[in-house]
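Down below is the structure, laid out as structure tokens.
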There are 2 protein chains.
Amino acid sequence: MINKLPLAKVYQLLEPGPVVLLTTAHKGRANVMTMSWHMMVEFEPPLVACVVSVANHSFAALRATKECVVALPSAKLASIVVGIGNCSGRDIAKFEKFCLTSMPATKVAPPLVAECFANLECQVVDAGFVRKYNLFVLEVVKAWIDPLQRNAKTFHHHGYGRFVIDGRTIKLKSRMR
Amino acid sequence: MINKLPLAKVYQLLEPGPVVLLTTAHKGRANVMTMSWHMMVEFEPPLVACVVSVANHSFAALRATKECVVALPSAKLASIVVGIGNCSGRDIAKFEKFCLTSMPATKVAPPLVAECFANLECQVVDAGFVRKYNLFVLEVVKAWIDPLQRNAKTFHHHGYGRFVIDGRTIKLKSRMR
């Protein structure tokens with residue numbers, strides 16, 4: 001099950017810095033990688049910067065097709081997400097190996113990941129920092145959220161397989177969006 | 001109390017996406033702002049991308065001086081950090097108002113924040129995306145950590161004053177650095 005999420009709310013998912021998945025589709029083949037180097041750049045339309053190393057198999061697909069999906073896994077998927085990060089799409093069909101359910105996106109060719117609590121369809125809108133930093137600027141053109149995974153806990157990488165899972169929530173009076 | 005942190009470990013602090021403070025010094029005056037839009041770009045030397053809006057008073061200082069300190073507050077400082085985000089250095093001397101203790105950095109003019117568990121001295125190394133996205137690329141040239149705040153819990157912004165504090169840590173066998 002999956003609902004549309006207003007684009008203006010996308011930043012609330014990515015700003016906290018969760019580990020995410022990134023899917024691509026290239027030459028008839030879908031792939032998925034694990035990523036932690038991303039940040040918001042603009043609220044709306046939502047722009048996201050991310051670093052996809054030239055060493056990643058996904059790099060060529062992202063550069064060539066200029067499309068991807070950023071999918072947000074809950075902490076329950078942590079071991080699968082780390083498994084995805086431990087191998088390369090060069091050698092392995094990862095959707096099959098990790099029993100992920102791909103779903104068609106509406107505006108881009110790469111698939112959504114049904115198990116993730118949110119999926120963001122993205123187009124590369126600026127490759128000006130790719131050569132220097134492997135940094136892509138993405139625009140989120142469509143966003144989806146799973147209403148059955150409300151308040152999913154995300155997880156955050158601290159290096160070498162150490163992850164911190166979301167704990168308690170606090171509310172503070174903020175003038176910041 | 002404050003110890004040097006090897007530059008190779010800096011990414012372990014920023015990759016998880018914590019809310020941070022950013023200090024600047026301009027025309028004899030130090031300022032501090034709250035920031036969540038940052039990401040790692042390179043491990044070592046550590047490069048960090050961040051978005052500082054042209055609407056922030058710190059923007060002019062950062063662009064002119066090309067120096068800042070990124071300071072990491074623990075969740076215990078959350079209400080102070082949100083207070084810092086709710087006002088502008090245009091109107092207020094924030095170090096005084098929020099009773100922050102500034103300490104001299106060694107390689108840059110902006111001050112460290114003694115109350116924070118880590119402080120990263122940074123120089124702007126690329127302003128090529130500033131005009132288009134308010135995006136600065138920083139190099140961390142010196143890093144400090146407070147040994148008395150080991151395992152400090154950070155916090156993550158989900159929008160409109162909703163923050164999630166670090167919960168439990170898990171270890172998974174990872175080939176990722």
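For B:SER53, inter-copy separations between label points set 7 Å beyond Cα along the Cβ vector come to 3.4 nm, shortest first. Consider a paramagnetic label point 7 Å from the Cα of B:THR106 along Cα→Cβ; state which residues of segment B:114-146 have an amide N under 20 Å from it. Hits in segment B:114-146 for B:THR106 at 20 Å: B:114-124, B:139-146. In order along segment A:160-173, phi translates into HN-Hα couplings of 6, x, 9, 10, 10, 8, 3, x, 7, 9, 10, 10, 10, 5 Hz, rounded to whole numbers, per the Karplus curve 6.51 cos²θ - 1.76 cosθ + 1.60 with θ = phi - 60° and x for Gly and Pro. Once you order the gyration tensor axes a ≥ b ≥ c over the Cα atoms, which shape class does the protein assembly as shown get: rounded for a/c under 1.5, otherwise prolate or oblate by comparing a/b with b/c? Verdict is prolate for the protein assembly as shown.
Among A:SER36, A:SER58, A:SER79, the residue with the largest mean-square fluctuation in a Gaussian network model of chain A, with springs joining Cα atoms closer than 10 Å, is A:SER79. For segment A:32-167, the orientation-averaged shadow of the C-alpha convex hull comes to 8.5 nm² (one quarter of the hull surface). Residue-wise HN-Hα couplings along segment B:14-23, as the Karplus relation 6.51 cos²θ - 1.76 cosθ + 1.60 with θ = phi - 60° gives them from phi, are 8, 4, x, x, x, 5, 10, 9, 10, 9 Hz; Gly and Pro carry x. Close amide H contacts of B:VAL141 (hydrogens built in the peptide plane, cut-off under 5 Å, sequence separation of 5 or more or a different chain): B:GLU121, B:CYS122, B:GLN123. Here B:ALA93 yields copy-to-copy label distances, from shortest upward, of 6.8 nm, the label point defined as 7 Å from Cα along Cα to C-beta. Inter-copy label distances at B:GLN123, using a point 7 Å along Cα-to-Cβ, come to 4.0 nm with the shortest given first.
For segment B:30-141, a crude dipole built from +1 on the beta carbon of Lys and Arg and -1 on the beta carbon of Asp and Glu, taken about the Cα centre, is about 360 debye to the nearest 20.
If you count Lys pairs in segment A:33-162 whose Cα atoms are under 18 Å apart, skipping same-chain pairs closer than 8 places in sequence, the total is 6. Please work out the Cα center distance from segment A:117-177 to segment A:6-57, rounded to the nearest Å. A separation of 7 Å, based on Cα centres.
Taking every alpha-carbon pair under 8 Å whose residues sit at least 6 apart, segment A:111-161 reaches a relative contact order of 35 percent.
Segment A:1-44: which residues show an accessible-area loss of 30 Å² or more, assembly versus chain alone, 1.4 Å probe? Going by heavy-atom accessible area, the residues of segment A:1-44 that drop by at least 30 Å² are A:GLN12, A:GLU15, A:PRO16, A:TRP37, A:MET39, A:MET40, A:VAL41.
The values are calculated or read from the model by the stated rules, or taken from the named source; none is laboratory data. Since the structure is predicted, the reported quantities are computational estimates derived from the model, not experimental observations. We place every Cβ from the backbone using ideal geometry, glycine too, and count neighbours over all the protein chains shown. These area figures cover heavy atoms from the full protein model, side chains too; ligands, DNA and RNA do not enter into them. Shrake-Rupley method; radii C 1.70, N 1.55, O 1.52, S 1.80 Å.
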